[in-house]
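Q: Here it is, the structure in full.
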Amino acid sequence: MGEVIVVTSGKGGVGKTTTTANLGTALATLGYKVVLVDTDIGLRNLDVVMGLENRIVYDIVDVVEGVCKIKQALIKDKRYGSLYLLPAAQTKDKTAINSEQMKQLCGELKKDFDYVLIDCPAGIEQGFKNAIAGADKAIIVATPEVSSVRDADRIIGLLEAAEMDSPKLVINRLRPDMVKRGDMMDIDDMIEILAIDLLGVVPEDETIVISTNRGEPAVTDKNSKAGEAYRNIARRITGENVPLMNLTIENGFFQKLKKLIGLRDS
Amino acid sequence: MRNDGVTIKGTKEGLLIILDGELDFPVILRKLEEKITRVENFFAGAQAILDLSGRLVQPEQLEQLEHLISSQHGIEIIRIINQGCLDEKGEREAMEGAIVEDGLRNGNGNRNRRVTLNENEEQLSTLIIKRTLRSGQRVNYDGNVVILGDVNPGAEVIASGDIVVMGAFRGVAHAGAKGNEKAIITAFSLQPTQLRIANIITRPPDEENSEPNQPEVAKIKDGMVIIESSLNFSN
Amino acid sequence: MDIFNKMFGKNNVSSKTVAKERLRLVLVHDRANVSPQLLETLKEELIKVISKYTEIDNSALEVSINNSEHSVVLVANIPIRVRRSMNTVC
Ligand SMILES: Nc1ncnc2c1ncn2[C@@H]1O[C@H](COP(=O)(O)OP(=O)(O)OP(=O)(O)O)[C@@H](O)[C@H]1O
Ligand SMILES: [Mg+2]
């Protein structure tokens, strides 16, 4: 019996879809059987991030409405044989499915898959309720910004109310240079405020944009820092103990300057 | 086309069944029966306007017509008009405007050659959409669909007949959605996410991402969907 | 680092510290599910009640929600006007 993990954030655009795509792909490369479920009905994106948009015939709404079987709607990834996508419908809205149907669907999926990753829509309405309905665990994605952290906190509260196992935090788009000059909250600040366990930190990285352009998650790129971060997180999900990646930057202008004039870093 | 007594056309409102006003009633009845039976399944569930073309029919004759059209063939008659003895002429004309002439009735041959309709679609009406379809928008029409604009990724066009896009097509198209394998999909710039004709579903190959620089048409040939330049397209 | 901050004319307080402080406060309210309006109403009623017993400085009265060690507390800071005793001379 597999595990259903929802990737959620409250605030939009902080990297839920990116995280779902990358963790799913990384878990598949580790040999697990994985299905990614896009619950962002009406604003689906996981298909394009995975580069599978032109293979969609049926979607999640077709499945819950019984138009097709689950197997018919699952799209096999083009790179990894053990990775599948269940796409959202684009021409419907969040009310096209309900929590009970999601629970059933998740129950079915975890019979066949080791990991069921659910890409949650932004917000706390029906779409969010659907996304968490069948989940065993939750990953909260937050960027080091006031609005994102606040929304993450709200989500954590709602998950507690829904009696979900303690959620884990993924900090996304961290910029070590900004952290260094005190203009961005660091990892400790965020953990202190949100008071949940840290699952990993993903740096701001242009390879994310490039890989999204191509429809190939960054984890498939050996040279991507963000990809490496996601590979580490995937291993932590499987229970491995992987130390946090070193994100400190060297060779910035100020650093050089400081070295030159012999100032120590504070 | 020679007047064989019965003409069936598609209009915005549904089918328009025109019965010749001169022929003997039994002849008309027989011709109508022949014609409907030939394309029976295609019409089942449709709505129709019956035009008697000025004929004076007896109540029993009307019953016979209704029995044939509605009870036996499942076509709902929504209105009966009688062009000949009618001062509703204006209405009839307005309706004519909405009728898409099929290639056969055109008399002067295949004037709209590139968009020539198949024989099967003789009776289909055409929906014209004068705007760009965006992600999440979906058109589902029992007939042909003509779009004067683009169709963006994430938009879907489903038609039981042909799909004609006077612009760039980047979404999902399903022509011949009720199984018509002769249906076509054509666009000024055909860059689809997915193309479906009848029961065949296709997508562009992963490697390819070149933009076409000429109008193209997709159709089924030997059980496969092929795309070719629509400049040398013929049925 | 400080020297650099000064060199480039930055505020002494880094923006991240400001962010953290603001977040803390906002979250305390969010978590306690107390809206600013509710606090305002509370404040007015407090003034009414307390004014019955003693004279207070309405303008300086402060009601806020704070994080203490393990719990969220409601803090009311109510300055009482010290009455200058004036003995009436008959
Ligand atoms: N680590 C990163 N570095 C750079 N860009 C990133 C990173 N993570 C995400 N992005 C970019 O941020 C944008 C939003 O990401 P994504 O779509 O994954 O967010 P989301 O939370 O799923 O959004 P929504 O709430 O709309 O579903 C995308 O353009 C993505 O490329
Ligand atoms: Mg998303």
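Computed from the coordinates by the stated procedures, all read-outs in this text should not be read as laboratory data. The structure displayed is predicted, hence computed values, not measured ones. Don't worry about glycine lacking a Cβ; one is built from the backbone with ideal geometry, like all the others, and counts go over all protein chains shown.
Q: Pick from A:G239, A:G127, A:G12: which is most flexible by mean-square fluctuation in a GNM of chain A where alpha carbon atoms under 10 Å apart are linked?
A: The residue that fluctuates most here is A:G239.
Q: Shifting gears a bit: Among B:P215, B:S229, B:L195, which residue has its Cα positioned farthest towards the positive end of the charge dipole of segment B:142-235, with +1 placed on the Cβ of Lys and Arg, -1 on the Cβ of Asp and Glu, and the dipole taken about the Cα centre?
A: In segment B:142-235, that residue is B:L195.
Q: Another one. Can you list the lysines whose alpha carbon sits under 20 Å from that of A:K222, skipping same-chain ones fewer than 8 residues off?
A: Leaving aside lysines fewer than 8 places away in the same chain, those within reach of A:K222 are A:K78.
Q: Here's another thing I want to ask about it. If the convex hull of the alpha-carbon atoms of segment B:6-83 is projected onto planes in all directions, what is the mean projected area in square nanometres?
A: Details: hull surface 18.0 nm².
Dividing the Cα hull surface by four gives the mean projection, 4.5 nm².
Q: Under 8 Å for C-alpha pairs, at least 6 residues apart: give me the relative contact order for chain A, rounded to a whole percent. Don't skip to the answer; put the middle values down first.
A: On the way: 527 pairs, mean separation 64.2, N = 266.
The normalised contact order for chain A reaches 24 percent.
Q: Restricting things to Cα coordinates, could you compute the convex hull volume per residue of segment A:144-207 in Å³?
A: Numbers: hull volume 5.6 nm³, N = 64.
Taking only Cα atoms, segment A:144-207 has a hull volume of 87 Å³ per residue.
Q: Follow-up. Among A:Q104, A:I118, A:A28, which residue has its Cα furthest toward the positive end of the charge dipole of segment A:3-265, with +1 on Lys/Arg Cβ and -1 on Asp/Glu Cβ?
A: Comparing the listed Cα positions along the dipole, A:A28 ranks first.
Q: Over all Cα pairs of segment A:1-101, how is the pair count split among 10 Å bins, expressed in % and running from 0 up to the last occupied bin?
A: 15, 50, 32, 3
Q: Please state the charge dipole magnitude for chain A, taken about the Cα centre, from unit charges on C-beta atoms (+1 on K and R, -1 on D and E), reported in debye and rounded to the nearest 20. Working shown, then result.
A: Working: 34 positive and 39 negative charges, 143 e Å.
Roughly 680 debye for chain A.
Q: Any number yet on Rg/Rh for segment B:135-180, C-alpha, Kirkwood?
A: On the way: Rg = 9.6 Å, Rh = 10.2 Å.
Taking Rg over the Kirkwood Rh, I get 0.94.
Q: Let me ask you something else. Out of the GluC sites (Glu not before Pro) in segment B:154-235, which ones are loop residues according to DSSP with at most 15 other C-beta atoms within 10 Å? Spell out each step's value before the answer.
A: Details: sites: B:E156, B:E181, B:E207, B:E208, B:E216, B:E228; in loops: B:E181, B:E207, B:E208.
For GluC sites (Glu not before Pro) across segment B:154-235 that sit outside H, G, I, E and B with at most 15 neighbouring Cβ atoms in 10 Å, the list reads B:E207, B:E208.
Q: What is the dipole size for segment B:6-83, taken about its Cα centre, with +1 at each Lys and Arg Cβ and -1 at each Asp and Glu Cβ, in debye to the nearest 20? Before the final figure, lay out each step's value.
A: Working: 8 positive and 12 negative charges, 56 e Å.
For this selection, approximately 260 debye.
Q: Under 1.5 on a/c is rounded, so check that first for segment B:124-232, then, if it is not, pick prolate when a/b is larger than b/c and oblate when it is not; a ≥ b ≥ c are the square roots of the alpha carbon gyration tensor eigenvalues. Numbers along the way, then the final one.
A: On the way: a/c = 1.38, a/b = 1.06, b/c = 1.30.
The shape class here is rounded.
Q: Another question about this same structure. How big is the charge dipole of segment B:124-232 about its Cα centre, in debye rounded to the nearest 20, if each Lys and Arg gets +1 on its Cβ and each Asp and Glu gets -1 on its Cβ?
A: Numbers: 11 positive and 12 negative charges, 91 e Å.
Taking the Cα centre of segment B:124-232 as origin, the dipole is about 440 debye.
Q: Now for a different question. Can you work out D for segment A:57-206 in µm² s⁻¹ from Stokes-Einstein, where Rh is the Kirkwood radius over C-alpha pairs, the temperature is 20 °C and the viscosity is 1.002 mPa s? Could the numbers behind the result be given before it?
A: Values: Rh = 17.2 Å.
In µm²/s, the coefficient rounds to 125.
Q: Treating only the Cα positions of chain A as identical point scatterers, give the base-10 log of I(q)/I(0) from the Debye formula at each q in 0.10, 0.15 Å⁻¹.
A: -0.48, -1.04
Q: In chain A, which longest range has no trypsin sites (Lys or Arg not before Pro) that are both DSSP loop (not H, G, I, E or B) and surrounded by at most 12 other Cβ atoms within 10 Å?
A: Numbers: sites that count: A:K69, A:K222, A:R264.
After excluding every exposed loop site, the longest remaining stretch is A:70-221.
Q: When only DSSP loop residues count, what GluC sites (Glu not before Pro) in segment A:69-157 have their Cβ near at most 15 other Cβ atoms within 10 Å? Intermediate values should be presented prior to the final figure.
A: Numbers: sites: A:E100, A:E108, A:E125, A:E145; in loops: A:E125, A:E145.
In loop regions of segment A:69-157 (DSSP not H, G, I, E or B), the sparsely surrounded GluC sites (Glu not before Pro) are A:E125.
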